[in-house]
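Before any comments, here is the structure.
The values are calculated or read from the model by the stated rules, or taken from the named source; none is laboratory data. It should be emphasised that the depicted structure is a prediction, and the values quoted were computed from it without experimental measurement. For neighbour counting, all protein chains shown are included, and Cβ atoms are generated from backbone atoms with ideal geometry for every residue, glycine included. Ligands, DNA and RNA are stripped out before the accessible areas are found, and what is left, the full protein with its side chains, is counted by its heavy atoms. Shrake-Rupley method; radii C 1.70, N 1.55, O 1.52, S 1.80 Å.
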Amino acid sequence: VGKADGHDFIATAYQKGIRHFVISKEINTADVQDASFILVKDTLVALQQLATYHRQQFSIPVVGITGSNGKTIVKEWLYQLLSDELNVVKSPKSYNSKIGVPLSVLNLQPEHQFAIFEAGVSTVNEMDVLQKIIQPTLGIFTNIGSAHNSGFSDLTQKTKEKLNLFSSCTKVIYTSKYAEIKDAVIGNPVYISWGFRSTDDYVITHFVKEKTKSTLQLNGISYTLPFTDDASVENAIHCIVFLKELNYTDENIQAKINALHNLPMRLELKYGINNCSIIDDSYSADMHSFKVALDFLNQQESNKSRTLIISEFEESGLTEDAFIKQLIRIIQEYRFSKLIGIGPFFKKAIESINGKVKEWYIYETTEQLISQFHLQHFENEFILLKGARRFGFEKISALLVGQTHETVLEVNLNALLNNLNVYKAYLPTNCGVIAMVKAFSYGSGTVEVASLLEKNHVDYLAVAYADEGVVLRKSGIRTPIMVMN
């Protein structure tokens, strides 16, 4: 974590039941004599090499997804679309980095029939490493934009770097909307394009947005999408073309698309305090995703005034002056009446901002805004939250969102695992463990709890009735199951 040395946490991990460690420097093992240690030159490289070897043991279709935005959404949607027929493994959350990718690939198991992994890079010479770990056979390039621009000289260099993911693919889906991608792959038969150009492999000849849905014709076939915002439409078309390339029928594709739903990981519309509406898009900070959020804001029919709470965009690739100029243009074009800017360079831009918006406030840190939150007054407003992750805008969101009076049960799987290890520590080494997971694991989530127990090698799972065991088997659980009735 940050600059901390992982070796300092070995004792704590040992106390929690960990007995196998990969280390990069020699340590005193006197207090952990029953643990095993593998000494390597670089633990990250060792993790990546292990995942690379693990991936080589499988010959199933593997989808690699990259792009400036939309990777996680497309991955989750493909999982929704395919998992009712196939046993699919996917990257957890947004695990797409040099650490997240190997951790994702190590989840591959013999029962899996299909894999979907996302990969993200922030500078040159990173994608080759991720490609060797994922070794995708199929690919999707979602888009190219300004996210993580600071690590590249221009969009062309960034596009070329991302394309390295697909060197082993037989098919790669992309949209010709992005000139940098189109120009880089032109003439390569592996790349399959969709868009409004007559030269595209999949041509859109009709597209209409309605209040709650969009309709389009793709190669003469009509499809209805349960979305109207540009980002969701683009992501859904990627999925449609992908299913077409897997030879799904048009009727089957439409039925699957009808069941798609947005994911609560970004761009959420929430009920706020004092009759405010909150558009929470504090997951990423770049101009492309900002434009998506602004389009979403414009779709909301309301007479409420508009407020923008925004942080610095650290990886946009824009200079401070260029960023402020774009921000002022956006404020005026989208009719924001209040601006709250968070970050040190906003103070430098006070003269540029003054007079461009009716009401504005500048804070150096999120904590400063929170400490003075009582001085702000929000009422009957649409509030767009757009902040880089390090600014912790979730704290602002928590203050702005109204109470919904829901009851939430939070299950801490780490605590459950700790309890299991405590019990095991009291048992003789030849004593097995049967874990009761009947009645939805007593309300804690059958599949989630059973998966954790299986990964930690309990000997049996026990259920009350056979149908509970069937659910576990269909979810990929292979541990022996005892039916009590």
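For the pair segment 438-480 / segment 92-124, the C-alpha centres are spaced 25 Å from each other.
Once you sort the root eigenvalues of the Cα gyration tensor of segment 1-113 as a ≥ b ≥ c, which label holds: rounded (a/c under 1.5), prolate (a/b larger than b/c) or oblate (the other case)? Because a/c hits 1.5 or more and a/b exceeds b/c, segment 1-113 counts as prolate.
Which angle between 0 and 90 degrees, to the nearest 10, do you get for helix 413-425 versus the longest principal axis of the chain when only C-alpha atoms count? The angle comes out at about 10 degrees. Rounded to the nearest 20, the Cβ-based charge dipole of segment 139-278 about its Cα centre (Lys and Arg +1, Asp and Glu -1) stands at 180 debye. Only helices enter this figure: runs of n ≥ 4 DSSP H residues, each worth -39500 (n - 2.57), summed and divided by the residues of the chain, yield -10000 deg cm²/dmol at 222 nm to the nearest 500. Taking a point 7 angstrom from the Cα of K304 along the C-beta vector, which residues in segment 375-394 have backbone N less than 15 Å away? 377-386, by backbone N distance to the label point. When the surface is traced with a 1.4 Å probe over the full set of protein chains, K348 keeps roughly 150 Å² accessible.
For segment 364-378, backbone phi angles converted through the Karplus equation (6.51, -1.76, 1.60; θ = phi - 60°) give residue-by-residue couplings of 6, 9, 4, 4, 5, 4, 4, 5, 10, 4, 5, 7, 7, 10, 10 Hz, Gly and Pro being listed as x. For segment 1-52, the alpha carbon convex hull comes to 95 Å³ per residue, rounded to a whole number. Within the shell of other residues whose beta carbon sits under 10 angstrom from the beta carbon of R306, the net charge comes to +2, with Lys and Arg scored +1 and Asp and Glu -1. What the Cα atoms of segment 48-151 give is an Rg and a Dmax of 13.0, 41 Å.
Counting heavy atoms of the protein chains alone, T215 has an accessible area of about 30 Å² for a 1.4 Å probe. Per-residue extension of 0.36 nm, minus the Cα-Cα distance of A398 and D34, leaves a gain of 126.5 nm for this segment. The Rg/Rh ratio of the chain, with both radii computed over alpha carbons and Rh defined as the Kirkwood radius, is 0.99. The alpha carbons of segment 374-485 stretch over 63, 32, 23 Å along the principal axes, in descending order. Our estimate of slack between V408 and H374, defined as 0.36 nm per intervening residue step minus the Cα-Cα distance, is 9.5 nm. Report note on the peptides 137-144, 360-367, 439-446, 339-346: ranked by the mean count of other C-beta atoms within 10 Å, highest first, their order is 137-144, 339-346, 360-367, 439-446. Charge dipole of the chain (Cα centre as origin; +1 on each Lys and Arg Cβ, -1 on each Asp and Glu Cβ, all else neutral): 200 debye, rounded to the nearest 20. Between the listed residues A349, I396, V483, the Cα displaced farthest toward the positive end of the dipole of the chain, a dipole computed from Cβ unit charges relative to the Cα centre, is found at A349. For segment 130-259, the direction-averaged projected area of the alpha-carbon convex hull comes to 8.7 nm².
Taking K304 as the anchor, which lysines have their alpha carbon closer than 19 Å to its alpha carbon, excluding any fewer than eight residues away along the same chain? Cross-link targets: K270, K338, K358, K386.
With a Förster radius of 56 Å, plug the Cβ-Cβ distance of S337 and D84 into 1/(1 + (r/R0)^6) and report the FRET value to the nearest 0.05. Write out the running numbers ahead of the final one.
Numbers: r = 47 Å, r/R0 = 0.83.
That gives a FRET efficiency of 0.75.
What the Cβ-Cβ distance of F207 and V483 gives, at R0 = 45 Å and to the nearest 0.05, is a FRET efficiency of 0.25.
Note on K132: aspartates and glutamates with a C-alpha under 15 Å away, same-chain residues under 8 apart excluded, are E118, E161. Model label points for L417 and Q56, set 7 angstrom from Cα along the Cα-to-Cβ axis, are 2.8 nm apart.
If you count Lys pairs in segment 162-224 whose Cα atoms are under 21 Å apart, skipping same-chain pairs closer than 8 places in sequence, the total is 5.
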